[in-house]
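Only one structure is covered here, and it is reproduced in the block below.
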Amino acid sequence: MTGPRIPNLFAVPELKEKILFTLLCLAVYRAGAHIATPGVNVAALQTFMNTQGRQTLFGVYDLFVGGGLSRATVLALGIMPYISSSIVIQLLGAVVPYFQKLQKEGEDGRKKITQYTRYGTVLICLLQASGVVVKLESTVAPGGPIVPVQVQGGQAAELRQAERAAVQAAVSSSRRPEKRAQRTAGPIGMERFFSRTCTSYRKDVD
């Protein structure tokens, strides 16, 4: 007796391309899941997640993305934005006539729905990434700030410091002529007083 034959998955060119593309995506995702985001204190973030973050929404999201959020990786959002976008598009198909029409158009409709799903994925990524950045910048862990102050502002903080320095220099330079005028006004006033006193005394003597 011979065992069941294993089908050759690479015999079909289209199936071969899909399998190789899927493996390539998995390799890229796993590589990005171990690359930390520059400017983030990973030790402080892990301390926060172990002490306080597990009971919050951050802890739940970190569970779904395989711990990528607690390691502050560049692909910390995972595939959750795509799943959320797919759910939203499916819900719209039940209430919006336009999406209902696309679902009935067959292959062309499915292509358009897939395209809208990708657009929604990008939008959700931007929203979620902005929320994560705001949360990390405003959180101070027991081990220190998760995002150092030097990194939060970046060039904007440097520009603000330069503007403050320029304003202070302008204010100090504007005060110096006033002080000089006050200093010079004193001796000049005394000389005029003595000169008037002397002239009046001479007139009295004469």
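Each value in this text was obtained by applying a stated rule to the coordinates, not by laboratory testing. It should be emphasised that the depicted structure is a prediction, and the values quoted were computed from it without experimental measurement. When we count neighbours, we look across all protein chains shown, and the Cβ atoms used for this are built from the backbone with ideal geometry, even at glycine.
Applying a threshold of 7 Å to beta carbon distances and a minimum spacing of six or more residues, or different chains, the list of pairs starting in the stretch 20-38 at a residue that is over 16 Å from SER70 (Cβ atoms) and ending at one that is surrounded by 12 or more Cβ atoms within 10 Å (Cβ to Cβ) reads TYR29/LEU75.
Residues in the stretch 131-145 that are small (Gly, Ala, Ser), more than 19 Å from VAL60 (Cβ to Cβ) and either in a strand (DSSP E or B) or within 10 Å of the chain's Cα centre (by Cα) (or both): GLY144 only.
Having 3 or more residues that are surrounded by 14 or more Cβ atoms within 10 Å (Cβ to Cβ) is the bar; report the helices (runs of 4 or more DSSP H) wholly within the stretch 10-83 that clear it. Steps first, please.
Details: elements: 13-32, 42-51, 57-64.
Hits in the stretch 10-83: 42-51, 57-64.
Within the stretch 39-52, residues that are under 14 Å from VAL132 (Cα atoms) reach partners that are among the aromatic types (Phe, Trp, Tyr) with beta carbons closer than 8 Å, at six or more positions or on different chains, in the pairs MET49/PHE58.
Within the stretch 79-106, track down each residue that is closer than 15 Å to GLY131 by Cβ and in contact with a Gly (Cβ under 9 Å, 6 or more places away or on another chain).
So the first thing to find is which residues in the stretch 79-106 are closer than 15 Å to GLY131 by Cβ, and the list is 80-81, 84.
Correct list: PRO81, SER84.
Residues in the stretch 111-136 that are among the polar types (S, T, N, Q) and surrounded by 13 or more Cβ atoms within 10 Å (Cβ to Cβ): THR117, THR121, GLN128.
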